[in-house]
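K.L.:
Structure incoming, see below.
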Amino acid sequence: MTAPAPQAETLRTTLATLLDGLPPKQAAQAVDRLIATYRGATPTDAPILRDRADVAAYAAYRMPATFEAVHAALEAFADATEGWTPTGHTDVGGGTGAATWAVTATWEGERTVTVLDWSDPALALGREIAAANPALKDARWQRARIGKDLTLAPTDLVTVSYVLNELTPADRTALVDTAAASAQAVVIVEAGTPAGYARVIEARDRLLAAGFRIAAPCPHSAACPIAPGEDWCHFSARVSRSSLHRKVKGGSLPYEDEKFSYVAATRLPVTPATARVIRRPQIRKGQVLLDLCEPDEHLTRRTVTKRHGELYKAARDAAWGDPWPLP
């Protein structure tokens, strides 16, 4: 969806340096447990990242993927709010801070950054990793219980990435409402599964009820045209694997694809995409099939052929998650 950001390589290099010597077997066991937790449906009343081993495994396994997913969502949001730059960012449930890296990859300049999480080990490692990113040198890392009792200071942007699945329904509702009351813009990212999409749609509805407009991925702020239980809206971000990542997770490919669902909403004026490519384009001889979410609240499959000239060339370059037509 987006070109690789320099921060992505800096992050991978920093992780490899900080986590050098991590026993692969111990890390792999922690990763297996974390995978089960993050893909599961059971809320927790305790931090998922419990100790340094958990945090190290999480950072090696999840930070690059979380960075790429959040960065893709933020880039789509930035396209819809051209000219706006957040001067304050609060990352709720930010763990080791992947979303803060994604914000610095999306917008240049200094801003007030606060990372809130209920895991002290995650915050400690996040602070260490952030030392490699000058834009995060003054970031605040604060322990906070994420749920109905959370309070947030006013800010421009709140990110909530891969957090809602950890919360009870009541805490999810409260968190989204608190974020909406505190920020000009809210970006929520969840796993690209039917359950993750359901959580995103639930949050989307609450943000709309709070007076927000949808900036991305939807080309409108009306109801989602996808019938519940029949399909789900999600996207894919390419993640380059470091050697450390391959050791921890296994596998030989130098990359993986992170599937994610998201919503980016704001009180700011927005110019959303005319339409959004919601599936990987199918390139066939002389034609490209594009599955689109349209501004009239419909899902459409369009066939673009060579007879369409420049539009056909653009269709061949289009990627899953892109606006259509391409800028």
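A short reminder: the numbers here are calculations on the coordinates, not readings from a lab. Computed from a prediction, not measured in an experiment: that's the story for all the values here. Note that each Cβ is placed from the backbone with ideal geometry, even for glycine, and that neighbours are counted across all protein chains shown.
K.L.:
Given a Förster distance of 22 Å, report the FRET efficiency between Thr151 and Glu82 from their Cβ-Cβ distance, rounded to the nearest 0.05. If you can, show how the numbers build up before the last one.
P.N.:
Working: r = 32 Å, r/R0 = 1.44.
Once the sixth-power term is evaluated, E becomes 0.10.
K.L.:
How compact is region 260-313 by the rule of thumb for globular proteins, expressed as Cα Rg over 2.2 N^0.38 Å?
P.N.:
Numbers: Rg = 13.9 Å, N = 54, 2.2 N^0.38 = 10.0 Å.
So the Cα radius of gyration is 1.39 times the expected 2.2 N^0.38 Å.
K.L.:
At 7 Å along the Cα-to-beta-carbon direction for both Arg143 and Ala170, put a label point, then send me their distance in nm to one decimal.
P.N.:
It works out to 2.4 nm between the two label points.
K.L.:
Please work out the FRET efficiency for the pair Thr305 and Arg280, using the Cβ-Cβ distance as r and a Förster radius of 22 Å; give the result to the nearest 0.05.
P.N.:
0.75
K.L.:
Run the reach check for Lys137 against aspartates and glutamates, Cα to Cα strictly under 16 Å, same-chain hits fewer than 8 apart removed. What comes back?
P.N.:
Reachable aspartates and glutamates: Asp91, Glu108, Glu110, Glu128.
K.L.:
May I pose another question? Cβ neighbours within 10 Å, averaged per peptide: list 105-111, 302-308 in order, most packed at the top. Could you put the intermediate results ahead of the total?
P.N.:
Numbers: 105-111: 16.0, 302-308: 14.1.
Top to bottom by mean Cβ count within 10 Å: 105-111, 302-308.
K.L.:
Grab the beta carbon distance between Ala210 and Glu9, set R0 = 51 Å, and tell me the FRET efficiency rounded to 0.05.
P.N.:
Numbers: r = 37 Å, r/R0 = 0.73.
Given R0 = 51 Å and the Cβ-Cβ separation, E is 0.85.
K.L.:
Can I ask one more? Tell me, in nm to one decimal, what length is gained between Ala16 and Ala124 on full extension, where the rule is 0.36 nm per residue of separation less the Cα-Cα distance?
P.N.:
Working: separation 108, 0.36 × 108 = 38.88 nm, distance 1.67 nm.
Answer, rounded to one decimal: 37.2 nm.
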